[in-house]
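The values are calculated or read from the model by the stated rules, or taken from the named source; none is laboratory data. Note that the structure is predicted; figures quoted are calculated from it, not measured. Using ideal geometry, Cβ is built from the backbone for each residue, glycine included, and neighbour counts are taken over all protein chains shown. These accessible areas exclude ligands, DNA and RNA; they are computed on the full protein's heavy atoms, side chains included. Shrake-Rupley method; radii C 1.70, N 1.55, O 1.52, S 1.80 Å.
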Amino acid sequence: MDVLDELLAGTRAQDGVFNLTILDLPWALEILDEAPLALAILVRGSGWLARDGLEPQRMEQGDVAIVTGPEPYVVSDSLTTAPQLRIHPGGICEPLPGAPIDYSARLGVRTYGARKSGEVMVASGTYQVAGDVNRRLIMALPPVLVVPAAEVAGSVMDMITSEIQRDAPGQQSVLDRWLDLALITTLRAWFARPDSHAPGWYQAQTDPVAGTALRLLHEDPAYPWNVTELADRVGISRASLARRFSAIVGEAPMSYLTGWRITLAADQLRSTRDTVETIARRVGYANAFALSVAFKRVRGVTPTAHRRAA
């Protein structure tokens with residue numbers, strides 16, 4: 001079981017919103033999509049991605065940015081250029097004061113700008129993320145990350161821009177799958193970078209000790225694991241497993257397992273009508289009471305209160 005695979009499996013685009021914006025110098029695009037997870041691809045040109053409270057990041061042609069959280073951000077040729085267009089939730093494009101009147105013109109399906117041959121082309125896509133497994137992935141990411149074009153699959157991004165402008169049967173499903181592929185490609189490239197500060201669960205996957213233990217826990221989280229049996233399965237002493245796992249992942253094996261079980265239970269409480277007892281046994285607890293005690297300790301609320309809030 002690849003941990004990144006498992007987290008990405010719960011992070012799928014559904015009715016994802018794509019926009020292609022074509023601009024001329026000087027240019028600036030404010031994206032106010034309020035999405036918990038979004039991509040911005042600088043298909044043509046170069047510029048900056050800026051967000052309040054964060055250091056602006058340079059983007060060159062073909063670079064891909066992943067943005068987490070609902071706060072707005074601006075992609076522009078210069079940090080001093082005022083936005084000419086604003087993208088709202090649902091892909092609605094609003095011309096801003098001072099912009100050429102034709103900048104809000106629709107050049108085609110999901111495409112805005114003054115002319116198709118404009119100097120700059122920005123593709124943006126959003127995810128509507130729901131679920132605790134998805135949030136576990138988002139929490140591992142910085143508010144903004146940029147991956148250079150050379151580190152992502154160029155052909156994937158090229159095909160996305162052509163698909164955005166098509167209006168064929170089943171096109172939304174096609175765009176959702178391309179959005180998934182773009183996210184996976186970009187995240188994999190970013191996590192592999194030495195300066196990414198990848199989370200412990202990602203770094204552990206290549207370690208013969210911590211990685212093996214992590215895969216065992218994810219393959220069967222409901223199994224009644226203890227450190228002794230986990231160490232036996234890995235083929236190492238308890239002390240060595242605990243030391244190695246904690247050093248790389250950042251917490252002890254059983255603590256990690258508890259957090260993962262609670263994450264799985266939280267998702268099922270939101271997405272199913274199964275009883276707390278059923279969910280408890282499915283994720284590795286003897287009964288509803290045992291899950292409730294662990295859930296309250298980790299999340300601060302009972303499973304029932306969590307479900308009600310959802």
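Quick one: would you say Asp274 is at pLDDT 90 or above and either open to solvent by less than 50 Å² (accessible area, probe 1.4 Å) or not assigned by the TED database to the domain that holds Val147 (or both)?
Judged against the criteria, Asp274 is a match.
Scanning the stretch 278-301 for residues that are more than 19 Å from Trp225 (Cβ to Cβ) and surrounded by 16 or more Cβ atoms within 10 Å (Cβ to Cβ) gives Ala288, Ser292, Arg299.
The number of residues in the stretch 219-232 that are buried (at least 16 other Cβ atoms within 10 Å of the Cβ) and more than 31 Å from the chain's Cα centre (by Cα) comes to 2. Do we have any residue at all in the stretch 235-254 that's part of a helix (DSSP H, G or I), touching a residue at least 12 places away in the same chain (Cβ under 8 Å), among the hydroxyl-bearing types (Ser, Thr, Tyr) and within 25 Å of Gln205 (Cβ to Cβ)? Looking for residues that are part of a helix (DSSP H, G or I), touching a residue at least 12 places away in the same chain (Cβ under 8 Å), among the hydroxyl-bearing types (Ser, Thr, Tyr) and within 25 Å of Gln205 (Cβ to Cβ), one finds at least one in the stretch 235-254, hence yes. When Ala309 is tested against (1) over 22 Å from Val227 (Cβ atoms); (2) surrounded by 14 or more Cβ atoms within 10 Å (Cβ to Cβ); (3) not β-branched (Val, Ile, Thr), only condition (2) is not met. Of all residue pairs spaced 6 or more apart or on separate chains, those with beta-carbon atoms under 7 Å, a first member in the stretch 34-50 that is in the same structural domain as Thr81 (by the TED database) and within 13 Å of Tyr73 (Cα to Cα) and a second member that is in a strand (DSSP E or B) and among the charged types (D, E, K, R) are Trp48/Arg58. With respect to Arg58, determine if the residue is modelled with pLDDT of 80 or more, open to solvent by 60 Å² or more (accessible area, probe 1.4 Å) and over 14 Å from Trp27 (Cβ atoms). Answer is yes for this residue. Check whether at least one residue in the stretch 68-82 is farther than 21 Å from Glu34 by Cβ, assigned by the TED database to the domain that holds Glu34, modelled with pLDDT of 85 or more and not in a loop (DSSP other than H, G, I, E, B), and report yes or no. Looking for residues that are farther than 21 Å from Glu34 by Cβ, assigned by the TED database to the domain that holds Glu34, modelled with pLDDT of 85 or more and not in a loop (DSSP other than H, G, I, E, B), one finds none in the stretch 68-82, hence no.
When every residue of the stretch 134-148 is checked against the conditions, none turns out to be aliphatic (A, V, I, L, M), in the same structural domain as Gly90 (by the TED database), at pLDDT below 70 and part of a helix (DSSP H, G or I). Number of residues in the stretch 19-45 that are open to solvent by 10 Å² or more (accessible area, probe 1.4 Å) and not in a strand (DSSP E or B): the value is 8. Glu94 meets each of the listed conditions (1) outside any loop (DSSP other than H, G, I, E, B); (2) modelled with pLDDT of 85 or more; (3) of a type in the set (Asp, Glu) apart from (2).
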